[in-house]
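S.K.: Below you'll find the structure I mean.
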Amino acid sequence: MFGPLGDKYGKVKIINIAALGTSLFSMLVATAFNLSSLVAFGAINGIFGSGIFPVTIAFIMSVGFFGTAMATVIGGTIFYFAS
């Protein structure tokens, strides 16, 4: 669910929204006034929480692939000018 949103709106933005939602609903869970509100707030908290991990892993992988590509470019440039 969060992967396509991360592709469409940006991974960092979705991570920030999911982290904000998780923190807000964690506070609401702590102040729940009955069992139904506890379950509802906990479920919404879980939905936001489930968006943090996969989008973060996708972001880390994309940065890793970018680093690998840039290492090739930088290495080739240094070799070209140094030889």
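What follows is calculated from the coordinates using simple rules that are stated; it is not laboratory data. Note that the structure is a prediction, hence the values are computed from the model and not measured. Quick reminder, even Gly has a Cβ in these numbers, built from the backbone with ideal geometry, and neighbours come from all protein chains shown.
S.K.: Want the number for residue 20 to residue 61: 0.36 nm per residue separation, take away the alpha-carbon distance, what's left?
M.R.: Values: separation 41, 0.36 × 41 = 14.76 nm, distance 2.27 nm.
That works out to 12.5 nm of additional length.
S.K.: To the nearest Å, what is the center-to-center distance of segment 38-83 and segment 1-36, using C-alpha atoms only?
M.R.: Centre-to-centre distance over Cα atoms comes out at 19 Å.
S.K.: Across the chain, how large is the tail of the calculated P(r) beyond 23 Å, expressed as a percent of all Cα pairs?
M.R.: Roughly 45 percent, rounded to a whole number.
S.K.: Continuing with the same structure: Let me check I've understood the local charge: for residue 57, count other residues with C-beta under 15 angstrom from its C-beta, Lys and Arg +1, Asp and Glu -1. What total comes out?
M.R.: Values: positive: 11; negative: 7.
With Lys, Arg at +1 and Asp, Glu at -1, the net is 0.
S.K.: Computed FRET efficiency, Cβ-Cβ of residue 70 and residue 50, R0 22 Å: what is it to the nearest 0.05?
M.R.: Result of the calculation: an efficiency of 0.10.
S.K.: Let me ask another. Want the number for residue 33 to residue 78: 0.36 nm per residue separation, take away the alpha-carbon distance, what's left?
M.R.: 9.8 nm
S.K.: For segment 49-56, in order, what is each residue's ³J(HN,Hα) by Karplus, 6.51 cos²θ - 1.76 cosθ + 1.60 with θ = phi - 60°, in whole Hz (x at glycine and Pro)?
M.R.: Whole-Hz 3J(HN,Hα) from phi for segment 49-56: x, 6, x, 6, 5, x, 5, 5.
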